[in-house]
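Following: one structure in structure tokens, then a few remarks.
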Amino acid sequence: MTNWLVTGGKRLSGEIAVHGAKNAALPILAATVLIPEPVELKNCPPLSDVEDMCEILRTLGASVRRSGDTVTVDTASATHGTLPDALSHRVRSSIFLLGSLVARFSKACAPYPGGCEIGNRPIDLHLYALSRLGVSFSEGDGRICASVDRLTGAVIDLDYPSVGATENAILAAVRAEGETVLRGAACEPEITDLANFLNACGFCVHGAGTPTIVISGQSGGHGVSYRILPDRIVTGTYLIAAAITRGSVAVTETDPALIGALLSKLEACGCRVETFPDAVRLTATDRPKELVSVETRPYPAFATDLQAQLFALLSIATGTSVITERIFENRFRHAAELKRMGAQNEIIGQTAIIRGVKALHGARVTAFDLRCGAALALAGLAAEGETEILYAERIDRGYDRMDEAIRALGGQIQRKEL
Ligand code: UD1
């Protein structure tokens, strides 16, 4: 277990560069199974989730090497499509491998997926999408096995724009015979990044970033060198860190266009936001103003993965804010932890009512999931005194050494390995 000791009260200032997006790296790593040639992934972040995914690929027989932020994967030597239990439980995204493995080996087995404890996360849409392409499933002993004689293109109507199901469907459809039309697809930038990667490898995916994606299946696919897009959630988290400490931080090597919904909310809180082609600077001088209606929804609306961090900021707002979580049903675990730090909030179903307080104080709190941990770190930076965050290793799943990054901006975070 890792604990973080956060000492509050310092205004953050300076510049911080953002690493590649975890949620793009994971499906792109899953896609390498489709290409039995070396693939070079630049800006591939050294996060524990990404390293776990690399390890899963190794257990399938692939060669995976990291040098700095570049990962080279060669799946030519991969021999089978059976995923290891313990590792796959840790990474929910191992489920993406079902689509690419069944496309490569005609058979794939995976344990039911793991990941963050943010509610019941079913995989019915993944299974539906793959079954439309001809895949059949058998279940038992906590595992699900997929098999197919021949993947065949089809019309797939998703009745909810699931990010993972959209990615899984694309990963199998690129190798199907004929055309697949995916309607009701998720529009997240990480899906566009996956499609761009696949197209760079010679596959044919059109319309990613819109609700209708058309995929012309083919048997080819060749090695490529590809740069993963910047992490919009990390970008947003560091901007909120500047806002909560009334600091001034420039987040660089990123794309402000990916976080439009967050930027307008931060401006409504009274923060000054300046955007540049590949950077964004936030300056805050006062307590944030309240936001009376924030709802998480699929992209391009406000991201669920930034909800906990915004919640922390609104905990010190001048008035009462309301956040409704529309994506996951159990994503307010930070609320009770923030209360330990003096925040005032009430959860009614999927809605949080947050009464802003003048100041938070340090406390012993638990990072129940990745974004909950990030939110508590931000709250700790703004609080009076010291905050101890238990299970802070969960933060490492999505942020590359966030403690070091915050220290470089003048904040105080100490890591304690227990
Ligand atoms: C991805 C992101 C995660 C983000 C989420 C929503 C990755 C690795 N993770 O997760 O960080 O919070 O998108 O933006 O990219 N659902 C079903 N059936 C399914 C699949 C999903 O009911 O088969 C439901 C889920 O329970 C959830 C909602 O759909 O309530 C959204 O899930 P989904 O978009 O699939 O998110 P993930 O791909 O798991």
*How much of the DSSP beta bridge set in segment 24-227 is antiparallel, as a percent to the nearest 5?*
75
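If you take every residue apart from D278 with its C-beta less than 15 Å away from the C-beta of D278, what net charge results, scoring Lys and Arg +1 and Asp and Glu -1? Please report the intermediate quantities before stating the final value.
Working: positive: R227, R232, R281; negative: E15, D231, E253, D255, E274.
Charge balance in the 15 Å sphere: -2.
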*Ordering of 100-107, 140-147, 383-390, 29-36 by packing [mean C-beta count within 10 Å, highest first]*: 29-36, 100-107, 383-390, 140-147
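Give the accessible surface of the chain per residue, rounded to a whole number of Å², with probe radius 1.4 Å and ligands, DNA and RNA excluded.
On the way: 15240 Å² over 418 residues.
Computed with neighbouring chains in place, this is 36 Å² per residue.
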*What's the percent breakdown of Cα-Cα distances in segment 170-259 across 5 Å bins, shortest bin first?*
3, 14, 19, 17, 14, 11, 9, 6, 4, 2, 1, 0
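Please list the three semi-axes, largest first and in whole Å, of the ellipsoid equivalent to segment 1-142, using sqrt of 5 times the eigenvalues of its alpha carbon gyration tensor.
Its equivalent ellipsoid spans semi-axes of 30, 20, 13 Å.
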*Expressed as an acute angle from 0 to 90° and rounded to the nearest 10, what is the orientation of the C-alpha long axis of helix 370-382 relative to the principal long axis of the chain?*
20
*Mean residue ellipticity (222 nm) of the chain, computed from DSSP H runs ≥ 4 via -39,500 (n - 2.57), nearest 500*: -9000 deg cm²/dmol
_Cα pair distances in segment 271-325, grouped into 5 Å bins until the bin that holds the longest one, percent each_ = 5, 17, 22, 23, 23, 10, 2
*With everything on Cα atoms, drop me the angle between helix 48-59 and the longest principal axis of the chain, reported from 0 to 90° to the nearest 10.*
20
_Limiting things to C-alpha atoms, what are the Rg and the maximum Cα-Cα separation (Dmax) for the chain, in angstroms?_
21.3, 63
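What does the charge add up to near I354, with Lys and Arg as +1, Asp and Glu as -1, over the other residues with Cβ less than 12 Å from its Cβ?
Details: positive: K339, R355; negative: E290, E346.
Neighbourhood net charge equals 0.
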*For segment 24-227, what is the largest minus smallest coordinate of the Cα atoms on each principal axis, given in angstrom and ordered from greatest to least?*
40, 38, 33
*Taking K and R as +1 and D and E as -1, what net charge do the other residues with C-beta under 14 Å from the C-beta of R340 add up to?*
-1
*Would you rank E337, E55 by solvent-accessible area, highest first, keeping every protein chain in place and using a 1.4 Å probe?*
E55, E337
_Gaussian network model of the chain, Cα within-10 Å springs - most flexible of G349, G202, G134_ = G349
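Provide M53, M1 ordered by accessible surface of protein heavy atoms (probe 1.4 Å), highest first. Display every interim value, and only then the final one.
Working: M53 0, M1 85 Å².
The most accessible residue leads, giving M1, M53.
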*Taking the alpha-carbon centroid of each part, what is the distance from segment 183-207 to segment 350-400 in angstrom?*
34
*Under a 10 Å cutoff between Cα atoms, tell me which one of F311, F368, F137 has the largest fluctuation in the Gaussian network model of the chain.*
F137
*Nearest 10 degrees, 0 to 90: what angle lies between the long axis of helix 232-244 and the longest principal axis of the chain (Cα atoms)?*
0
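Restricting to Cα pairs below 8 Å that are 6+ residues apart, what does the relative contact order work out to for segment 267-418? Please round to a whole percent. All intermediate terms of the calculation are to be shown ahead of the outcome.
On the way: 288 pairs, mean separation 26.3, N = 152.
Taking the mean separation of contacting Cα pairs over the length of segment 267-418, I get 17 percent.
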*Give the residue from M53, G142, G184 lying farthest towards the positive end of the charge dipole for segment 24-227; charges sit on Cβ (+1 for Lys and Arg, -1 for Asp and Glu) and the dipole is referred to the Cα centre.*
M53
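Give the relative contact order (percent, whole number) for the chain; include only Cα pairs under 8 Å separated by 6+ residues. Working shown, then result.
Values: 1078 pairs, mean separation 87.8, N = 418.
In percent, rounded to a whole number, it is 21.
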*Positive-end extreme of charge dipole, segment 275-418 - chosen from P277, A379, P300 (charges on Cβ)*: A379
*What share of the DSSP beta bridges in the chain is antiparallel, in percent to the nearest 5?*
75
_Between segment 265-311 and segment 20-59, the alpha-carbon center distance in angstrom_ = 30
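Determine the dipole magnitude for segment 177-240: charges of +1 sit on the beta-carbon of Lys and Arg, -1 on that of Asp and Glu, nothing else is charged, the reference point is the Cα centre, and the result goes in debye to the nearest 20.
On the way: 3 positive and 6 negative charges, 23 e Å.
So the dipole magnitude of segment 177-240 works out to roughly 120 debye.
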*Among the listed pairs K10/K339; K265/K339; K42/K107; K265/K358; K265/K416; K10/K265, which are separated by more than 26 Å between their Cα atoms?*
K42/K107; K265/K416
*Accessible surface of the chain, 1.4 Å probe, proportion on carbon and sulfur as whole %*: 48
_If I ignore ligands, DNA and RNA and count only protein heavy atoms, how much of H206 is accessible to a 1.4 Å probe, in Å² to the nearest 10?_
110
*If we sort 395-403, 7-15, 207-215 on the protection proxy, mean other Cβ atoms within 10 Å, highest first, what's the order?*
395-403, 207-215, 7-15
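If you build the convex hull over the alpha carbons only and average its shadow over all orientations, what do you get for segment 267-418? Give it in nm² to one decimal. Let's see the in-between values first.
Numbers: hull surface 36.5 nm².
Mean projected area for segment 267-418: 9.1 nm², to one decimal.
Relative contact order of segment 24-227, please, whole-number percent, based on alpha carbon pairs below 8 angstrom and at least 6 residues apart. Let's see the in-between values first.
On the way: 462 pairs, mean separation 41.6, N = 204.
Computed value for segment 24-227: 20 percent relative contact order.
The values are calculated or read from the model by the stated rules, or taken from the named source; none is laboratory data. What you are looking at is a predicted structure, and each value in this text was computed from that prediction instead of being measured. No Cβ is skipped: glycine too gets one built from the backbone with ideal geometry, and neighbour counts run over all protein chains shown. For accessibility, only protein heavy atoms count, side chains too; no ligands or nucleic acids. Shrake-Rupley method; radii C 1.70, N 1.55, O 1.52, S 1.80 Å.
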